[in-house]
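Encoded as structure tokens, the structure appears first; notes follow it.
The values are calculated or read from the model by the stated rules, or taken from the named source; none is laboratory data. Treat the numbers as computed from the prediction; the structure is a model and nothing was measured. Please note: Cβ atoms are built from the backbone with ideal geometry, for glycine as well, and neighbour counts cover all protein chains shown.
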Amino acid sequence: MSDKPHVIINYPWYQPALDRMAEICTPHVLSEAENPDAVLAEFGPKAKAICTPGLCDVALMDACPEAKLISSFGVGYDGVDIAAATARGIKVTNTPDVLNDCVADLALGLVLATRRRIVEADIYTRQGRWVSEGNFPYVHKVHSSKVGIVGLGRIGMEIAARCAAFKMEIAYHKRTKRDDVPYTFYADLVEMARDCEILIVITPGGAETNNLVNAGVINALGPDGLLVNVARGSVVDMDALIPALKEGRLGAAGLDVFPDEPNVPEALLGMTENVVLTPHVASASHDTRMAMGMVVYDNVVAHLAGKPLLTPVN
Ligand code: A2R
């Protein structure tokens with residue numbers, strides 16, 4: 001066993017980035033251990049940091065009493081108990097900014113895929129239906145649509161830039177108005193949904209945004225409306241979304257995130273005409289996952305050296 005500081009990792013993330021971690025610490029990946037409890041019991045008390053792709057509960061913190069850093073892989077930290085960490089004097093870091101472009105790319109990808117029905121059109125072509133049935137049905141356009149962005153933060157701004165390139169009319173909803181953007185602000189989300197054709201959700205998860213996109217918002221978006229969620233599954237009320245899609249009260253949905261990942265509601269799996277699903281891959285490009293991993297790495301390096309953290313959230 002090397003004498004490099006011990007670090008507990010509860011789940012692995014991008015392997016090349018994990019390989020870099022191993023250069024500066026002795027990592028113990030619990031989910032890959034034959035007996036995770038035994039590994040945690042042996043190395044938890046010696047660990048100087050916990051690294052996680054966004055999930056850390058009190059039990060893990062208490063099993064690692066010397067670990068005064070939770071370095072989280074991902075911008076969202078709704079799966080980390082921040083209050084408990086703060087109460088224990090543990091600093092938490094995340095990986096903001098480096099994933100903005102990638103997440104925004106996928107958001108627009110889902111807009112294009114759903115509005116232009118690209119996935120379905122691909123299958124239609126492969127199945128020879130162009131020959132047997134003739135032309136593919138008409139679709140809704142993407143360019144010059146009215147889009148509402150729910151959460152205009154770091155990622156939301158990149159989504160807006162891409163929407164502008166598509167000549168869209170851009171509105172946004174958040175709790176506080178921004179003074180630095182030319183986009184239309186809506187304090188009322190239902191009102192914005194009523195005025196938009198496309199709604200893209202990119203707020204944090206957690207209690208404050210739980211079911212923010214509820215039946216009222218979904219009904220306001222309406223039968224020709226498209227909902228795209230690249231935030232957290234918890235932000236959209238699935239019990240409102242699924243019946244609305246089934247009954248045609250909402251036109252379409254493009255979803256990268258779900259409340260109980262990796263499980264996706266059965267009802268959505270059967271909806272191929274108006275729903276496009278991706279398995280939480282918004283930031284999952286080689287470059288972005290490496291960049292995220294290096295933010296985790298840099299925070300651990302800073303922590304071990306007693307230097308200021310790069311991206312503290314508490
Ligand atoms: O509400 P504000 O003014 O704090 O604006 C933030 C907005 N937001 C909300 N909007 C409506 N209702 C809420 N309860 C609410 N809470 C927050 O979401 C801000 O405009 C935006 C979040 O922006 P950032 O903090 O810069 O986060 P970033 O990096 O864009 O990532 C957003 C989320 C992550 O937390 C992950 O869950 C997901 O994207 O990947």
Checked Gly153, Gly76, Gly109 against criteria (touching a Pro at 6+ places or on another chain (Cβ under 7 Å), surrounded by 15 or more Cβ atoms within 10 Å (Cβ to Cβ) and under 24 Å from Ser285 (Cβ atoms)); the one match is Gly76
Sole miss for Phe136 among (1) within 30 Å of Tyr183 (Cβ to Cβ); (2) outside any helix (DSSP H, G or I); (3) more than 13 Å from the ligand (Cβ to nearest atom) is condition (1)
Filter the range 193-204 for residues that are more than 10 Å from the ligand (Cβ to nearest atom) and surrounded by fewer than 24 Cβ atoms within 10 Å (Cβ to Cβ); the one that is nearest to the chain's Cα centre (by Cα) is Glu197
Members of the range 210-244 that are of a type outside the set (S, T, N, Q) and touching a strand residue (DSSP E or B) at 6+ places or on another chain (Cβ under 6 Å): Val213, Leu221, Leu226, Leu227, Val228, Ala231, Val235, Val236
Tell me, please, whether a residue that is more than 16 Å from the ligand (Cβ to nearest atom), surrounded by fewer than 21 Cβ atoms within 10 Å (Cβ to Cβ), in contact (Cβ under 8 Å) with a residue 24 or more places away in the chain and of a type in the set (Val, Ile, Thr) can be found in the range 225-245. yes
Tell me which residues, restricted to the range 119-147, are more than 19 Å from Val275 (Cα to Cα) and in contact (Cβ under 8 Å) with a residue 24 or more places away in the chain. His143, Ser144, Lys146
Here the qualifying pairs (Cβ atoms under 8 Å; residues six or more apart or on different chains; first in the range 286-314 and at pLDDT 95 or above; second of a type in the set (Asp, Glu) and assigned to a helix (DSSP H, G or I)) come out as Thr288/Asp101; Leu310/Asp298
If you scan the range 163-185, which residues turn out to be more than 15 Å from the ligand (Cβ to nearest atom) and touching a Phe, Trp or Tyr at 6+ places or on another chain (Cβ under 6 Å)? none
All positions within the range 64-78 that are farther than 29 Å from Thr203 by Cβ and free of Cβ contacts under 8 Å to residues at least 40 places away in the same chain: Pro65, Glu66
Filter result for the condition that a residue is in contact (Cβ under 8 Å) with a residue 12 or more places away in the chain, buried (at least 19 other Cβ atoms within 10 Å of the Cβ), of a type in the set (A, V, I, L, M, F, W, C) and near the ligand (Cβ under 10 Å from one of its atoms), over Leu212, Leu221: Leu212
Yes/no for Val98 being hydrophobic (A, V, I, L, M, F, W, C), part of a loop (DSSP other than H, G, I, E, B) and surrounded by fewer than 23 Cβ atoms within 10 Å (Cβ to Cβ): yes
Take Asp78 and decide whether it is of a type in the set (Asp, Glu) and touching a Gly at 6+ places or on another chain (Cβ under 7 Å). yes
